[in-house]
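The values are calculated or read from the model by the stated rules, or taken from the named source; none is laboratory data. From a predicted model like this one, the values you see are computed outputs, not experimental measurements. As a convention, Cβ positions derive from the backbone with ideal geometry for all residues, glycine included, and neighbour counts pool all protein chains shown. With ligands, DNA and RNA removed, areas are computed over all heavy atoms of the protein, side chains included. Shrake-Rupley method; radii C 1.70, N 1.55, O 1.52, S 1.80 Å.
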Amino acid sequence: MALPVLSQAPVKIPFDADANFLKLNYQLNLGEVLGVAVNSKGTVVVLNHPGSATTGPLYGNATTQLLEFDSNGKYIRELGRGVYGLGYAHSVRFDKYDNLWVVDKGTHAAVKFNPAGIVTMNLGRRPEGPDEPEYFDNRKIAQNPPQHHDGFFNGPTDVAWDSDDNIYISDGYRNSRVAKMDKHGNWIMSWGSRGNADGQFNTPHNIAVDRQNNVYVADRGNGKIQVFDSTGHHLRNILQNAPYDKKRHPTLGDIPANAPDETAPWALCITNTTPQYLYSIDTEPGRLYKFSLPDGRMIGYLGESGRDVGQFNWPHGLACPSENTLLVADMNNWRVQKLTLHPERVTSTK
C-alpha cells in the first residue's frame, strides 16, 4: 500500500494580500466566487454566483456568471450568458491554448469556450430539471452510491489536462471517480468508487495534472490529496497535516468535537514553473499550502480563516500564474484576493 507523504518542517510563508485587485463598483458586486483562472496573457476570469436566479430548472437558484478582467483587474466583459450548459458552475480553468473550460455540477456538464468566447465543445448532458431537494444529500449518496455511466457526469467539479491534451474531470458530488477523455472528447476510461480506501473518493472536489502526467485529486471528504498516474494507478497520498489551533472558532459552524490532524483539500493549482509546485487550500484553519513536486513534500503554508484581508472564508478556487503570485476565489467573503508570497523573508523554521 502506498504510504502518505508527510510534511517535513514546513515554514510559515510571509505574504501580502490585495482584496481590491479587481476593479469593482456598485454596479459590479460579486456574490459567491467559486473559481478564478488566469490565461497566458494574464487575463482573469472569475466564476461568480450572483444574487439572482437565472432560468432553471435546478433545485434552488440557478446562478452562474463568468466575468473577464484584464491583467490589471479592469473589467472587460461577461462571457457565456444564456449558455445552456451553465446553471450552477463549480470551477473555471484555462487550458494551455487559452480555451476556457467551465465545469458545472448542476447541469452535469463541462463546456469549452474558445478565446473569442464561443462554445466549441460540450461534455456530458444537462438533465431535464433535477429539481430535487435531496439531490446532493451526502448521507443518501453514501448509503446508495449512483451507478457510473460512461460519457455522463453526476455533479462534476473540475477539469485538468495532460501533455497529450487528454481531459480529466473530477466527478464529483454524486459520482466518486475521475473520468478521462481524449482531446476530442472521446471517452477513454474512468477510475474510482465511493469509499475511503486509496483509489476511492468522497467528493473529489478539484483536480490538477503535472508535467509528468501525474494526476492530483483533492479528495475533500477523505481529507487527502490522492496522486495517480495517467492510467488511474494510485501512487501516493499527500496530507495537509501541519499543526494548527483546533480550538479556534471556524468562520462558519461550530468548533468540531474531534478536529482532524489532516485538513480537507478544497482547491488545487500547479505552477507552470521549473520546477513545478502544487498549491492546495482548506477551509479550516483556512490555510494555503505549498508542496514540492513530484515528491509532495510540504514546503510551507500561509493564511487563516476569517473575514479580514489575508484571511479566507470557504476558499473554493485557486489560480497560480507564477510560483509566488496566486489568486484565491474567497467564496464566502464574496471576493477574489491576489496574494504575493515572500519566501525570501523566511528566517526560521519554527
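With respect to Asp150, is the statement that it is assigned to a loop (DSSP other than H, G, I, E, B), over 20 Å from the mean Cα position of the chain (by Cα) and either acidic (Asp, Glu) or at positive phi (or both) true?
Spelling it out, Asp150 is indeed assigned to a loop (DSSP other than H, G, I, E, B), over 20 Å from the mean Cα position of the chain (by Cα) and either acidic (Asp, Glu) or at positive phi (or both).
Within the set of pairs 6 or more residues apart or between chains, which connect a residue that is more than 14 Å from Gly221 (Cβ to Cβ) and of a type in the set (Lys, Arg) inside region 135-157 to a residue that is assigned to a loop (DSSP other than H, G, I, E, B) and open to solvent by 80 Å² or more (accessible area, probe 1.4 Å) with Cβ atoms less than 9 Å apart?
Final answer for the pair search is Lys140/Glu134.
Only residues that are touching a residue at least 60 places away in the same chain (Cβ under 8 Å) and in a loop (DSSP other than H, G, I, E, B): list them for region 158-167, please.
Asp162, Asp165, Asn166
Tell me which residues, restricted to region 60-79, are among the charged types (D, E, K, R) and open to solvent by 40 Å² or more (accessible area, probe 1.4 Å).
Residues satisfying the conditions are Asp70, Lys74, Arg77, Glu78.
Among the numbered conditions (1) out of contact with any Asp or Glu (no Cβ under 8 Å at 6 or more places or on another chain); (2) modelled with pLDDT of 95 or more; (3) open to solvent by 30 Å² or more (accessible area, probe 1.4 Å); (4) not hydrophobic (A, V, I, L, M, F, W, C), tell me where Arg174 comes up short.
(2)
State whether the residues of region 194-202 include one that is surrounded by 17 or more Cβ atoms within 10 Å (Cβ to Cβ) and within 17 Å of the chain's Cα centre (by Cα).
yes
Which ranges mark the strands (runs of 3 or more DSSP E) fully within region 184-253 that have 2 or more residues being closer than 23 Å to Phe152 by Cβ?
Values: elements: 187-191, 204-209, 215-219, 224-228, 234-238.
Per the criteria, 187-191, 204-209, 215-219, 224-228.
Could you say which residue among Thr263, Thr203 is hydroxyl-bearing (Ser, Thr, Tyr) and touching a helix residue (DSSP H, G or I) at 6+ places or on another chain (Cβ under 9 Å)?
Numbers: Thr263 fails: touching a helix residue (DSSP H, G or I) at 6+ places or on another chain (Cβ under 9 Å).
Among Thr263, Thr203, only Thr203 is hydroxyl-bearing (Ser, Thr, Tyr) and touching a helix residue (DSSP H, G or I) at 6+ places or on another chain (Cβ under 9 Å).
Just give me the residues in region 264-294 being within 20 Å of Trp161 (Cα to Cα), part of a loop (DSSP other than H, G, I, E, B) and either open to solvent by 10 Å² or more (accessible area, probe 1.4 Å) or at pLDDT below 95 (or both), in sequence order.
The answer is Trp266, Asn272, Thr273, Thr274, Pro275, Gln276, Leu293, Pro294.
Say whether the condition of being at pLDDT 90 or above and open to solvent by 80 Å² or more (accessible area, probe 1.4 Å) is met by at least one residue in region 37-48. Even if it seems obvious, please write down each step before you answer.
So in region 37-48, the residues at pLDDT 90 or above come out as 37-48.
Restricting the remaining residues to those that are open to solvent by 80 Å² or more (accessible area, probe 1.4 Å) gives 40-41.
Checked region 37-48: at least one residue is at pLDDT 90 or above and open to solvent by 80 Å² or more (accessible area, probe 1.4 Å).
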